[in-house]
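The values are calculated or read from the model by the stated rules, or taken from the named source; none is laboratory data. All figures in this text were calculated on a predicted structure; none of them were measured in a lab. No Cβ is skipped: glycine too gets one built from the backbone with ideal geometry, and neighbour counts run over all protein chains shown.
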Amino acid sequence: MGFKNFRSPSDFNIPWHGKDCVSRITDLTMLALALFVAASAVLATPHYGRQEAEIQCAPAVNGTLQLVMPDNEDITRTGASFTGPDYAVAGVEAKLLKIFAPENAEFYFNACNSTFMGWEQSYSEFGITFLYGQLQDVTTGLCVTASQLGDYVTTYFYAADCSTLDDVSQLYQFFRIEIQPTSVTGARDPEPTISFIGLPQSDDTDGAERYTYSYDRATLATGDAMPDVVGTNPRSDNSDLGFFAPEYYF
């Protein structure tokens, strides 16, 4: 069996109209060539827009976390650490940030530049320094992460991978540290305070804190020796997290 030798359009039962047919065939050939070139160009073009932007972070302060509650001196300078797991996020167990920890876990405050969050680092030699970024457990490398956001909510804080994407994930991991000036030359604030932000700068132009830190008294009442650290919004007093014996990297 061989291939049939088609010598003329009549073999296809297609009417032959001379120049008109040649013109149409030429047009179809050019159209096919144009589509091929366009498709090749699309395939050859890098899709830069698909690459997610990432934040840039660097350790700024190191220390042990504490819950600072002016109305309860017994709470002040009690160590906080990730303990558990007794919390589930999307079906995955996670450790919660608790106080009265038997050991004071060390944390980094990493100053992070995030376009999505929009908060800019504000260093001052003689005034208050405000830095923005993530709280990272030194031992595990995990970051303090809020369980939920919004007004009139109580949020717990659990351990999760530190997000490097410059997107909405930063809302749950972005904190501010406030470093007061001291009267002693060359000295640094011995107890800088840390507040949770929970929203981008564009939604909080006055820079006011939104969350008050406290502890879950219900868990303490049920015999839990290590109650959960919680944040409540709106802010009702000046309770904060703080660093004890901070070490500065800038």
- prompt: Somewhere in the stretch 133-142, is a residue within 19 Å of ALA80 (Cα to Cα), in contact with a Cys (Cβ under 8 Å, 6 or more places away or on another chain), surrounded by fewer than 20 Cβ atoms within 10 Å (Cβ to Cβ) and modelled with pLDDT of 95 or more?
  reply: yes
message: Looking at the structure I just gave you, is SER169 assigned by TED's automatic domain parsing to the domain that holds MET226, buried (at least 17 other Cβ atoms within 10 Å of the Cβ) and free of Cβ contacts under 8 Å to residues at least 12 places away in the same chain?
response: yes
query: Just for the stretch 170-188: of the residues that are of a type outside the set (S, T, N, Q) and assigned to a loop (DSSP other than H, G, I, E, B), which one is farthest from GLN134 (Cα to Cα)?
result: VAL184
task: Determine which single condition GLN121 fails, assuming it passes every other condition in (1) without any contact (Cβ under 8 Å) to a residue 40 or more places away in the chain; (2) touching an Asp or Glu at 6+ places or on another chain (Cβ under 9 Å).
output: (2)
- prompt: Got at least one residue in the stretch 190-202 being modelled with pLDDT under 80 and surrounded by fewer than 17 Cβ atoms within 10 Å (Cβ to Cβ)?
  reply: no
message: If GLY223 satisfies all but one of (1) modelled with pLDDT of 85 or more; (2) over 22 Å from THR145 (Cα atoms), what's the number of the condition it fails?
response: (1)
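Okay, residues lined up against (1) among the aliphatic types (A, V, I, L, M); (2) in contact with an Asp or Glu (Cβ under 8 Å, 6 or more places away or on another chain):
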| residue | (1), (2) |
| --- | --- |
| TYR158 | no, no |
| CYS162 | no, no |
| LEU165 | yes, yes |
| GLN170 | no, no |
| THR182 | no, yes |
| SER202 | no, no |
Identity of the residue in the stretch 144-166, among the hydrophobic types (A, V, I, L, M, F, W, C) and over 17 Å from ASP86 (Cα atoms), that ends up surrounded by the fewest Cβ atoms within 10 Å (Cβ to Cβ): LEU165
task: Determine, yes or no, whether SER163 is of a type in the set (Ser, Thr, Tyr), touching a helix residue (DSSP H, G or I) at 6+ places or on another chain (Cβ under 6 Å) and at pLDDT 75 or above.
output: yes
- prompt: Given the structure, is GLU120 under 17 Å from the mean Cα position of the chain (by Cα), part of a loop (DSSP other than H, G, I, E, B) and modelled with pLDDT under 95?
  reply: yes
- request: Go through the stretch 76-116 residue by residue and tally those that are at pLDDT 85 or above and either in a loop (DSSP other than H, G, I, E, B) or surrounded by fewer than 14 Cβ atoms within 10 Å (Cβ to Cβ) (or both).
  value: 5
